[in-house]
Amino acid sequence: DAKTTQPPSMDCAEGRAANLPCNHSTISGNEYVYWYRQIHSQGPQYIIHGLKNNETNEMASLIITEDRKSSTLILPHATLRDTAVYYCIVRASGGSNDMRFGAGTRLTVKP
Amino acid sequence: NAGVTQTPKFQVLKTGQSMTLQCAQDMNHNSMYWYRQDPGMGLRLIYYSASEGTTDKGEVPNGYNVSRLNKREFSLRLESAAPSQTSVYFCASSDFGQDGYTFGSGTRLTVV
């Protein structure tokens with residue numbers, strides 16, 4: 001009963017924007033959308049999260065549709081170091097045991 | 001640098017041996033977590049501690065025990081290791097609310 005659906009893999013050219021989609025059609029009103037990435041065998045790295053408004057930080061932008069059933073993580077100028085597995089997670093605010101990681105999307109940035 | 005520190009980084013155990021994985025964070029976070037990641041798969045939650053003095057089971061707690069020693073430290077113990085526990089173990093921490101988690105670099109455990 002995965003809460004999110006992501007494509008298993010994507011490619012992106014170096015220097016171009018990488019747009020990673022995520023479907024979460026059963027998201028509840030109090031659930032946030034989180035994005036993490038895992039480079040090679042390192043620990044996952046938190047990227048960004050949002051509730052319903054679009055969010056931007058130094059790493060990425062998060063675009064959430066108005067009905068909140070899907071979102072897109074945007075890496076504006078992908079580099080080779082952005083090659084990683086990207087995880088989209090929905091989670092209620094304040095929860096302690098519901099940051100559940102699925103299979104994610106393997107993004108490969110190519111020269 | 002501030003963050004989550006895990007020890008050891010690598011460990012090989014024989015079936016039936018016991019060991020404790022250590023985790024410490026210096027960000028004054030309230031909550032701490034133990035995950036395992038099997039090859040080619042996502043992370044699965046083993047145990048978590050929402051705050052100092054409390055621990056609870058996650059998705060895959062069988063074969064493990066945990067101790068929240070103090071606010072900084074959260075250890076994971078394998079009492080009798082089995083080959084099925086061969087995995088990479090990640091510790092993470094977070095503050096209350098909707099903050100993201102900070103992960104350690106992992107412990108790669110092989111049980112032969």
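The values are calculated or read from the model by the stated rules, or taken from the named source; none is laboratory data. All values derive from a computational prediction rather than experimental measurement. Cβ placement follows ideal geometry from the backbone for every residue including glycine, while neighbour counts extend to all protein chains displayed. What goes into the accessible areas is simple: the full protein's heavy atoms, side chains included, and nothing from ligands, DNA or RNA. Shrake-Rupley method; radii C 1.70, N 1.55, O 1.52, S 1.80 Å.
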Could you give the spread of the C-alpha atoms of chain A along their three principal axes, from largest to smallest, in whole angstroms?
-> 40, 28, 23
State which entries of A:LYS3/A:LYS52; B:LYS9/B:LYS57; A:LYS52/B:LYS9 exceed 28 angstrom in Cα-Cα distance in the structure shown.
-> A:LYS52/B:LYS9
Taking a probe of 1.4 Å and leaving out DNA, RNA and ligands, chain B shows per residue an accessible area in Å² of 45
Calculate what fraction, in whole %, of the accessible area of chain A sits on carbon and sulfur atoms when a 1.4 Å probe is rolled over the protein chains.
-> 48
The protein assembly as shown - charge dipole about Cα centre, Lys and Arg +1 at Cβ, Asp and Glu -1, debye rounded to 20 | 500
List the aspartates and glutamates whose alpha-carbon lies under 14 Å from that of B:LYS14, not counting same-chain residues fewer than 8 positions away?
-> B:GLU79
Of the stretch B:2-23, those with amide N under 19 Å from the point 7 Å along the Cα→Cβ vector of A:GLN42 are B:2-7, B:9-10
Evaluate 2.2 N^0.38 Å with N set to the residue count of the protein assembly as shown, then give the Cα radius of gyration divided by it.
-> 1.03
Accessible-area order for B:MET32, B:MET41, largest to smallest, probe 1.4 angstrom, reads B:MET41, B:MET32
Quick calc, chain A, dipole around Cα centre from Cβ unit charges on Lys, Arg (+) and Asp, Glu (-), nearest 20 debye, gives 160
Ignoring GluC sites (Glu not before Pro) buried by more than 11 other Cβ within 10 Å or outside DSSP loops, the longest site-free run in chain A is A:1-57
When Rg is the radius of gyration of the Cα atoms in chain B and Rh is its Kirkwood radius, what does Rg/Rh come to?
-> 0.95
Among A:SER41, A:SER25, A:SER71, the residue with the largest mean-square fluctuation in a Gaussian network model of chain A built from Cα contacts under 10 Å is A:SER41
Dipole axis of chain B (+1 Lys, Arg; -1 Asp, Glu on Cβ), positive-most option in B:MET32, B:TYR48, B:THR7 = B:THR7
Just the number, please: buried accessible area between A and B, total of both chains, 1.4 angstrom probe, nearest 100 square angstrom.
-> 1600
Phi angles of the stretch A:41-48, converted by Karplus (6.51 cos²θ - 1.76 cosθ + 1.60, θ = phi - 60°) into ³J(HN,Hα) in whole Hz with x for Gly and Pro, give 10, 6, x, x, 10, 5, 10, 6
To the nearest 20 debye, what is the magnitude of the charge dipole of the stretch B:33-112 about its Cα centre, counting +1 on the Cβ of each Lys and Arg and -1 on the Cβ of each Asp and Glu?
-> 180
Compute the signed sum of charges (Lys and Arg +1, Asp and Glu -1) over the other residues within less than 14 Å, Cβ to Cβ, of B:ASP38.
-> +2
For chain A, what is the accessible area per residue in Å² when the probe is 1.4 Å?
-> 52
